[in-house]
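The values are calculated or read from the model by the stated rules, or taken from the named source; none is laboratory data. Because the structure is a prediction, the values reported are computed rather than measured. Cβ sites come from the backbone with ideal geometry, for glycine too, and all protein chains shown count toward neighbours.
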């Protein structure tokens, strides 16, 4: 185990901020003052943005999908899983003694969605082979690059010291441009937060509509204050006593109030656009049907999730495989779980695969999580042949004799 990575894995703590120079109008400086300023007047950062249910749903959907899908190491020629390679257990089993590979992918993907970057340091043994992967708090890492663009990572340790790691020692997952979708969509998220606060305040006042009191009498300031104080204490469904010829005139609902629900639905769509997720995946079903919801599920895999899986595959290969090993091995995420269909359709598909001799019966049983059976490794069509071989065409002599 190298001394640098071992010390980093042992001493890096969560919540440690990185001290570096920046201007007052940079995103880093804005974060120091509580978040990103938006026109709606609310503070938008990774913590407040998660108070918007659509944001929480989007982050959880992508992060959990990346974590739950199995990753495996394969040989490029034989396509067989390389279970004896040390990288296999790190991507398919345990990232470290207290974190599974699935949990680490969830954490780093969530970090990237909230901050733009997710980091984990590679711990190696004395032979240089990868042993563990340890998550690093994004705020404790600064990314630097040389004149050729080769990245290196400056990490802050708990004792206040810094260590610089090369790119081959840090598993790095980032967004397209290294900027969180929360920062890109700060105005839309801020408007959603403001709408939530507005509705909460309205219900906090017992859902009482605005209005005004009118009287023809001249009231002194003390009397006016007393009337307003008594009126404000009337709860929804209660009764108020108006004396002295006083009358109450409710204000008509404005166009803004009438469009409030539409505005809230549109903010869900805006969040979906920011995270590149179909709106139906965020449970915005106003335009969802049985057919297009299924198509949007496929779109989520191809347009939303696949780029993240590609980043994970490349990041794993970059730090867990040598340059020579990458020529013979590759990391792949299995997405068949996301394409699961009903049992009848699945049975039909498996039957067709066996009939065309694309799968053996034992491969079908493995897909159903069943143990193999005797004689199930032969590629034969059980619907046209009775044995393991393929039936041959009759000879010309046999055809003549039959005639």
### Task
Would you mind listing the strands (runs of 3 or more DSSP E) fully within region 137-191 where at least 2 residues are within 24 Å of residue 273 (Cα to Cα)?
170-174
### Query
Can you find even one residue in region 77-85 that is in a helix (DSSP H, G or I), at negative phi and in contact (Cβ under 8 Å) with a residue 60 or more places away in the chain?
no
### Query
Does residue 121 satisfy the criteria of being surrounded by 20 or more Cβ atoms within 10 Å (Cβ to Cβ) and within 30 Å of residue 269 (Cβ to Cβ)?
no
### Evaluation of residue 111 against (1) modelled with pLDDT under 90; (2) under 22 Å from the mean Cα position of the chain (by Cα); (3) surrounded by 18 or more Cβ atoms within 10 Å (Cβ to Cβ) (one fails), failing number
(1)
## Note on the structure
Of (1) assigned to a loop (DSSP other than H, G, I, E, B); (2) crowded, with 18+ Cβ neighbours inside 10 Å, residue 134 satisfies every one except (1)
### Task
Scan region 126-140 and report the pairs whose first residue is touching a residue at least 40 places away in the same chain (Cβ under 8 Å) and assigned by TED's automatic domain parsing to the domain that holds residue 102 and whose second residue is part of a loop (DSSP other than H, G, I, E, B) and surrounded by fewer than 17 Cβ atoms within 10 Å (Cβ to Cβ), with Cβ atoms within less than 7 Å and a gap of 6+ or a chain change.
126/1; 131/1; 131/125; 137/14; 137/15; 139/17; 139/18; 140/18
